[in-house]
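K.L.:
Here's a structure for you.
The values are calculated or read from the model by the stated rules, or taken from the named source; none is laboratory data. Note that the structure is predicted; figures quoted are calculated from it, not measured. Positions of Cβ are generated from backbone atoms using ideal geometry, with glycine treated the same way; all protein chains shown enter the neighbour counts. Side chains are part of the model used for accessible areas, which takes the heavy atoms of the whole protein and leaves out ligands, DNA and RNA. Shrake-Rupley method; radii C 1.70, N 1.55, O 1.52, S 1.80 Å.
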Amino acid sequence: RRQADFDNYRKRVERERSETYNRVVADVSLKLVGVIDNLKRALDSEASLEASESDEFRHFFHGVDLIYKQFNGILDSFGVKPIAVVGETFDPHIHEAVATEISDEYEPDTVIQEIRAGYQLGDKLIRPALVKVSTRG
């Protein structure tokens, strides 16, 4: 009986340790994805700039791109994955619809644009994806 109690205790402690680790990773990741969003906005704005910008400016944006990729690599190493959105059927458990648009190109209730990326840690949702969803015309 003591051996069974000890085994149950050991399993409970291991489960609690795993849950604590996942909670800490999710909390830290949630803070990092805000930084990643801002880096992505900076990189998206670079695409709209004219080609006449200086070489120093281009090198600066290349550095921002490297930082963006490094942050994504860190999240990936913790098991945090972005949620697939465009072309997927709207799922209120992982998507948050902030806009709709009449579309003949997509089936109704299909995600047609990602407004803000969402992330998951395994099966746990860290942050829902903000999306635009197609509707019937």
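K.L.:
Once the dipole of the chain is set up with Lys and Arg at +1 and Asp and Glu at -1 on Cβ about the Cα centre, which of V25, I94, V35 lies farthest towards its positive end?
P.N.:
V25
K.L.:
So what are the ³J(HN,Hα) numbers for the range 87-103, from phi and the Karplus equation (6.51, -1.76, 1.60; θ = phi - 60°), rounded to whole Hz, Gly and Pro as x?
P.N.:
Karplus values, whole Hz, x for Gly and Pro: x, 7, 6, 4, 10, x, 7, 10, 10, 10, 6, 10, 7, 10, 8, 6, 9.
K.L.:
Using only helices, what value at 222 nm comes out for the chain when you add -39,500 (n - 2.57) per DSSP H run of length 4 or more and divide by the total residues, to the nearest 500 deg cm²/dmol?
P.N.:
Numbers: 2 runs with 69 residues, N = 137.
For the chain, the value works out to -18500 deg cm²/dmol.
K.L.:
I've got another one for you. On average, how much accessible surface per residue is there in the range 1-75, in Å², for a 1.4 Å probe, leaving out ligands, DNA and RNA?
P.N.:
Working: 5840 Å² over 75 residues.
Value returned for the range 1-75: 78 Å² of accessible area per residue.
K.L.:
Translational D (Stokes-Einstein, µm²/s) of the range 1-43 at 20 °C and 1.002 mPa s when Rh comes from the Kirkwood sum over C-alpha pairs? Display every interim value, and only then the final one.
P.N.:
Details: Rh = 12.9 Å.
This corresponds to a translational diffusion coefficient of 166 µm²/s.
K.L.:
Percent of Cα-Cα pairs per 5 Å bin, from 0 to the last occupied bin, for the range 4-100, please list those.
P.N.:
Pair shares across the bins are 2, 10, 13, 13, 15, 13, 11, 8, 5, 3, 2, 2, 1, 0, 0.
K.L.:
Going by the alpha-carbon gyration tensor, a ≥ b ≥ c the square roots of its eigenvalues, is the range 60-132 rounded (a/c under 1.5) or, if a/c is not under 1.5, prolate (a/b greater than b/c) versus oblate? Don't skip to the end; give the middle numbers.
P.N.:
Details: a/c = 3.04, a/b = 1.61, b/c = 1.89.
Verdict is oblate for the range 60-132.
K.L.:
Quick one: pull the percent of accessible area on the chain belonging to carbon and sulfur, 1.4 Å probe, ligands and nucleic acids left out. Walk me through the numbers before you get to the answer.
P.N.:
Values: 4970 of 9640 Å².
That share works out to 52 percent.
K.L.:
Rounding to the nearest 20 debye, state how big the charge dipole of the chain is about its Cα centre with +1 on each Lys and Arg Cβ and -1 on each Asp and Glu Cβ.
P.N.:
Numbers: 19 positive and 25 negative charges, 253 e Å.
Using only the charged Cβ atoms, the result is roughly 1220 debye.
K.L.:
Indicate, rounded to the nearest 5 percent, the antiparallel portion of the DSSP beta bridges found entirely in the chain. Let's see the in-between values first.
P.N.:
Details: 11 of 18 bridges.
Bridges in the chain that DSSP calls antiparallel: roughly 60 percent.
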